[in-house]
Amino acid sequence: MKSYHKYLLNNIGSDRETLTELLTTKDTELRNAIFGEAELVRNLNVGNYFYFRGLIEFSNKCVRDCLYCGIRANCKSVYRYEMTEEEVLNAVDFAWKHNLGSVVIQSGERNDKEFILKIARILNLIRKRTNDEIKVTLSCGEQTEETFRYWLESGASRYLLRIETTNSNLFRKIHPCDGKHLFSTRLQALENLKKTGYQTGTGVMIGLPGQSIEMLASDLAFFKNFNVDMVGMGPYLEHNESPMTSSSEQKYNPSERLELSLRMIALLRLLMKNINIAASTALQSIDPEARVEALKCGANVIMPNITPLKYRYYYQLYENKPGMNIDGAENIAYWNTQMQKAGGFPAFKLSGDPKHFLLRKQRTQIALQD
Ligand code: 5AD
């Protein structure tokens, strides 16, 4: 690696011009240096072991109408389901038995009392059943600060809420103009998550119609300035029943979206050395090997799908969702091999708190003592 490339990459700040240049450079030596350095930085700071989060797609019922999404409320052709408490607990048992240290409960968004109480009940049951050994991440959309706190007290410790894009104009374009999909509310919800004490994760879609490279550079700067603990981001993928698919503004072909996604991951690793970064499932829809590539250039989290097979088909945020017929055990065995291919090994049994969060918490405690 050229020494000035190494110097540049080790002194990377949130300067948008530099980030834009690095996201687009055609210089293959520099491109390979970005990936190589990101891997090194990951290994030095969080190690070359990869954390598992068993993904449970709890329900596809959703009150939102995001224009890109295949389970948006207005998509009338989708059969709507919700897992029973027992089914969720069985999935958690499965994760536990297979030595996964953590699960993610992901769902379409609902804000009604019944939903809020059911999630809380499930969290309490998981805590009791696993003696708190399985850490739970929630990904259940925008909620009030009160609900976030209630769920945290019921046993959740992490929350994923993607900002989708940090450009408020683009955010407006990819959501309906109904006063219910507001950038400011999303941002406030993220602030609330951090304030409440969650390990806070966010992310964006990459290659959206109308999204410029400068906007992606700003997304990276946002992650850094917001001081997030975890990031999950991946390529935007069409869904044939969502309004955005017919948009004439699409500029990026799938391989461009893939390359941009990998560069976003690598650059984020260089910017934020000790956070957790997921190799998102969407990557795999473009290329079966793309998640391994992501693990090779800075990512350190994999979320194998452990949702009962009978529901998988109905939870399609985008087309060609991979792994629709691969059951949990097969998936875990597959990742065991893939992780070695990516130059690391699976962190079985570890819940995998982001080092970034632990340090952030320590600093807050010290500040409070002073
Ligand atoms: N393509 C890629 N990602 C999508 N998501 C939703 N729809 C799509 C799509 N069509 C992502 C959003 C959301 C997460 C759960 O899935 O970023 O926050």
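So here's what we get for this one:
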{"item": "Check on ILE105, within 16 Å of the ligand (Cβ to nearest atom), within 22 Å of MET230 (Cα to Cα) and open to solvent by less than 10 Å² (accessible area, probe 1.4 Å)", "result": "yes"}
{"item": "Residues of the stretch 135-177 satisfying the condition of being part of a strand (DSSP E or B), open to solvent by 30 Å² or more (accessible area, probe 1.4 Å) and more than 16 Å from the ligand (Cβ to nearest atom)", "result": "LYS135"}
{"item": "Matching residues in the stretch 12-30 - criterion: being open to solvent by less than 90 Å² (accessible area, probe 1.4 Å) and over 24 Å from the mean Cα position of the chain (by Cα)", "result": "THR18, THR25, ASP27, LEU30"}
{"item": "Out of THR196, THR202, sole residue that is more than 12 Å from the ligand (Cβ to nearest atom), of a type in the set (S, T, N, Q) and either open to solvent by 60 Å² or more (accessible area, probe 1.4 Å) or touching a residue at least 12 places away in the same chain (Cβ under 8 Å) (or both)", "result": "THR196"}
{"item": "Enumeration of residues in the stretch 125-134 that are assigned to a loop (DSSP other than H, G, I, E, B) and hydrophobic (A, V, I, L, M, F, W, C)", "result": "ILE134"}
{"item": "The stretch 340-369 residues that are of a type in the set (Lys, Arg), paired with ones that are part of a loop (DSSP other than H, G, I, E, B) and loosely packed, with under 14 Cβ neighbours inside 10 Å (beta carbon under 8 Å, 6 or more apart)", "result": "LYS349/ASN99; ARG360/ASN227"}
{"item": "Residue list for the stretch 217-268, filter: in a helix (DSSP H, G or I), under 27 Å from THR196 (Cβ atoms) and near the ligand (Cβ under 10 Å from one of its atoms)", "result": "none"}
{"item": "Long-range neighbours under 9 Å by Cβ, at least six apart or interchain, first residue among the basic types (Lys, Arg) within the stretch 230-253, second surrounded by fewer than 16 Cβ atoms within 10 Å (Cβ to Cβ) and modelled with pLDDT of 95 or more", "result": "LYS251/SER212"}
{"item": "Cross-chain or 6+ apart pairs with Cβ under 9 Å, the stretch 70-94 first and closer than 23 Å to PHE52 by Cα, then open to solvent by less than 20 Å² (accessible area, probe 1.4 Å) and of a type in the set (D, E, K, R)", "result": "MET83/GLU57"}
{"item": "Search result, residues across the stretch 238-281 that are among the small types (Gly, Ala, Ser), touching a strand residue (DSSP E or B) at 6+ places or on another chain (Cβ under 9 Å) and open to solvent by less than 10 Å² (accessible area, probe 1.4 Å)", "result": "SER261, ALA279"}
{"item": "When residues of the stretch 48-75 are limited to those that are farther than 25 Å from TYR334 by Cβ and among the β-branched types (Val, Ile, Thr), the one most open to solvent (accessible area, probe 1.4 Å)", "result": "VAL63"}
{"item": "Single residue of VAL78, VAL41 found to be in a helix (DSSP H, G or I), buried (at least 19 other Cβ atoms within 10 Å of the Cβ) and either under 18 Å from the mean Cα position of the chain (by Cα) or on the phi < 0 side of the Ramachandran plot (or both)", "result": "VAL41"}
{"item": "Conditions (1) closer than 28 Å to ASN43 by Cα; (2) under 19 Å from the mean Cα position of the chain (by Cα); (3) of a type in the set (Asp, Glu); number of the one not met by GLU319", "result": "(1)"}
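The values are calculated or read from the model by the stated rules, or taken from the named source; none is laboratory data. If you're wondering where the values come from, they're calculated on a predicted model, not measured in any experiment. Please note: Cβ atoms are built from the backbone with ideal geometry, for glycine as well, and neighbour counts cover all protein chains shown. We work out accessible area using only protein heavy atoms, side chains counted, and drop any ligands, DNA or RNA first. Shrake-Rupley method; radii C 1.70, N 1.55, O 1.52, S 1.80 Å.
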